[in-house]
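The values are calculated or read from the model by the stated rules, or taken from the named source; none is laboratory data. All figures in this text were calculated on a predicted structure; none of them were measured in a lab. Glycine also receives a Cβ, built like all others from the backbone with ideal geometry; neighbour counts cover every protein chain displayed.
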Amino acid sequence: MDNFWLKQAFDRLGKPRVQSLSMHVTADVTIVGGGYLGLWTAIRIKESSPSLNVAVVERDVCGSGASGRNGGFVTSYWAKYLSLHKLCGTEEAARIAKASAEAVLEIGAFCRENGIDAEFRADGWLWTATSAPQIGCWNILLDELDKHNVRPFQALDGADVARLGGTDRNLAGVFEPNAATVQPAILALGLRDHAQKLGVAIYEHSPMIRLERTRTPKVITPKGSVTSKAVVLAMNAWGAQFTYLRRKVAIVSSDMIATTARPEKLNEIGFRKGVAICDSRMFLNYYRNTPDGRVVFGKSLGHFAFAGRVDDHYDGASPRAAEVEESFRKLYPALGDMEIESSWTGPIDRSVNGLPFFGRLDNHPGIVFGIGFSGQGVAPSVLGGKILASLALDEANQWSNCGLVRENVERFPIEPFRYAGSIVVREALRRKEGLEDRARSPDPLTLAIANLAPVGYVPSRRN
């Protein structure tokens, strides 16, 4: 198994007992997708309405998709406040960002209360610059937040940035204390166990092969089916198979490596705390250590899927592991003798503005969806579960009327123009960031093309 986190979780906890769907059943709500979003939705529904029959249909095992492959960053939406503000205004943007920050704490409390050892470490998030042009890129955001007397970030001097991250290759940065890291697959399996204790029926190794959009929708799997009043699509990148959603997200790879466990080496450079770290590139470097003394290092490299097809090249070992390792070695030259033990890859469902969106598929009253988490879904999926539970139960409340529930979602170009354009923009970004690393200025054409990229972490005046 090439999924490092899930293999580690199975080694510690044992492989879960799996039940596949082998007959026709009925439910009140069927959830397609056994990751964070689907499981939080199932839990919210059962907490709100314990008598309802809730079924989860998962193509593999819970946590095998994005929920068990990510970097384990549990961060809020304060970094995306400008996009939120543009989308839904000052008051709603602040409410969503505050709720996402509360979700960080909620995950920690959930783990403690349910005895889930998901290695939750509330040591904050360090947002850094690794080249001169990146320094201060966060100032637009901080200035806007300051206007509203909101200050979730702390400015750090260069020495503190180097100390927290264990490397002087980070030149500057700001710090968000209210953030954490987790072992993502153990969290997913903990959600799975809790959902089952609440009475949720979970069917794994049961991929949806067809969705019948009748008045009472039916989810068809290879050996069975589920008919229910409501269907929730919580499929992340795999949701792009639906025409209604395909142009609203772009599927792009993110690739990760994990070193061998060498806690003494991390102690030597002072890289001890479980701080989540990322830089200010579009091809983001994101990394952290683990309690047993590894470095887990990821990079968004821009391998796009044509027409939103999530094929097998998003599974298994990363074909781009050497490029990820090169970035790791540049940032941590002092860890040159730490070997790479594992690599893996996975798809990200990126929206144009970097925010998820929720709604009803083709306006069908009984089929709801959430998609577009853009690689930042661990804490926001807690909110997503509240939104989808409210939509599935047809409740009118602060979540079903949330600013992230919207019809008018900006779309990417049609194929093949989207795919061809993504390659052109990707290569322009590579040139831009490569030149900036060498203290050289990119030419105006490269800058203009690079600026066509979707919104990432780095704020821009386009927000």
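Considering only residues in the stretch 251-277 that are hydrophobic (A, V, I, L, M, F, W, C) and under 14 Å from the mean Cα position of the chain (by Cα), the one that is nearest to W5 (Cα to Cα) turns out to be M256. Checked against the criteria, G375 counts as in a loop (DSSP other than H, G, I, E, B) and at pLDDT below 95. Candidates are the residues of the stretch 45-73 that are crowded, with 24+ Cβ neighbours inside 10 Å and among the charged types (D, E, K, R); the one that is nearest to A179 (Cα to Cα) is R69. Among the residues of the stretch 263-309, which ones are in contact with a helix residue (DSSP H, G or I) (Cβ under 6 Å, 6 or more places away or on another chain), more than 26 Å from A118 (Cα to Cα) and among the aliphatic types (A, V, I, L, M)? Scanning the stretch 263-309 gives a single hit, M282.
The conditions are (1) touching a residue at least 12 places away in the same chain (Cβ under 8 Å); (2) closer than 20 Å to S64 by Cβ, and A307 fails exactly one of them. Which is it? Against the list (1) touching a residue at least 12 places away in the same chain (Cβ under 8 Å); (2) closer than 20 Å to S64 by Cβ, A307 comes up short only on (2).
Of note, L445 does not satisfy the criterion of being modelled with pLDDT of 95 or more, in contact with a helix residue (DSSP H, G or I) (Cβ under 9 Å, 6 or more places away or on another chain) and either assigned to a helix (DSSP H, G or I) or of a type outside the set (G, A, S) (or both). The condition of being over 19 Å from the mean Cα position of the chain (by Cα) and among the hydroxyl-bearing types (S, T, Y) holds for only one of S100, S20, S83, that being S20. Restricting attention to the stretch 256-265 and to residues that are surrounded by fewer than 22 Cβ atoms within 10 Å (Cβ to Cβ) and in contact with a strand residue (DSSP E or B) (Cβ under 6 Å, 6 or more places away or on another chain), the residue that is farthest from P416 (Cα to Cα) turns out to be T260. Residues of the stretch 316-359 that are free of Cβ contacts under 8 Å to residues at least 60 places away in the same chain, surrounded by 17 or more Cβ atoms within 10 Å (Cβ to Cβ) and farther than 20 Å from F304 by Cβ: F358, G359.
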